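Worksheet: the structure to be examined is printed underneath.
The values are calculated or read from the model by the stated rules, or taken from the named source; none is laboratory data. Note that the structure is a prediction, hence the values are computed from the model and not measured. Because the Cβ atoms are built from the backbone with ideal geometry, glycine has one as well, and the counts that use them run over all protein chains shown.
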Amino acid sequence: ELSESYLSLFSVFLSLQLFGTIVWILVASTRIPLPLLQGWVMFVAVTAWFLSIVFLSVFLFGYANRIAVNWNQADFIFHGATFVFYFGAFLLQAATTSLHHFPRKFNATTQERILSGREYNISIAASV
């Protein structure tokens, strides 16, 4: 039988899975004008997504009862670190989004922007 704390952890991890997947989809659906910045965003989303699956599996398969760890502290540290990394990823994605009005090539005769209007909107959603 799952206790109330396990159910609340399950809902938190499920929300991490959902929002992590949405970030993947949104970032991957745009052209990547600055691969280093958006690569970090994808790394954070993928790593947090994978680790939350591992963490959730530990609870769902009953390993939490067998491993002598302070799970409240481990949960706090995990979510604190995830917050810090996601906040950094947000700043990088927002910085990339803010460059949308610059031309892709400064010496080109065309005025192609770094992000099109559609990609700009997707990048805003990924930032949020």
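With the requirement that a residue be modelled with pLDDT under 80 and either polar (S, T, N, Q) or within 15 Å of residue 90 (Cβ to Cβ) (or both), what does segment 20-33 give you? Hits for segment 20-33 are 20, 23, 24, 26, 27, 29, 30.
Listed residues 85, 13, 61; which is farther than 13 Å from residue 126 by Cβ, surrounded by 14 or more Cβ atoms within 10 Å (Cβ to Cβ) and outside the structural domain of residue 118 (by the TED database)?
Working: 85 fails: outside the structural domain of residue 118 (by the TED database); 61 fails: surrounded by 14 or more Cβ atoms within 10 Å (Cβ to Cβ).
Sole residue among the options that is farther than 13 Å from residue 126 by Cβ, surrounded by 14 or more Cβ atoms within 10 Å (Cβ to Cβ) and outside the structural domain of residue 118 (by the TED database): 13.
Of the helices (runs of 4 or more DSSP H) entirely within segment 36-128, those holding at least 3 residues that are farther than 15 Å from residue 13 by Cα, at pLDDT 85 or above and under 12 Å from the mean Cα position of the chain (by Cα) occupy 71-98.
How many residues are of a type in the set (Phe, Trp, Tyr), closer than 30 Å to residue 27 by Cα and touching a helix residue (DSSP H, G or I) at 6+ places or on another chain (Cβ under 7 Å) when one looks only at segment 61-92? Lay out the reasoning, then the answer.
If we filter segment 61-92 for residues that are of a type in the set (Phe, Trp, Tyr), which is where we start, we get 61, 63, 71, 76, 78, 83, 85-87, 90.
Narrowing the set further to residues that are closer than 30 Å to residue 27 by Cα leaves 76, 78, 83, 85-87, 90.
Those still in the list that are touching a helix residue (DSSP H, G or I) at 6+ places or on another chain (Cβ under 7 Å) too: 78, 85-86, 90.
Qualifying residue count for the region: 4.
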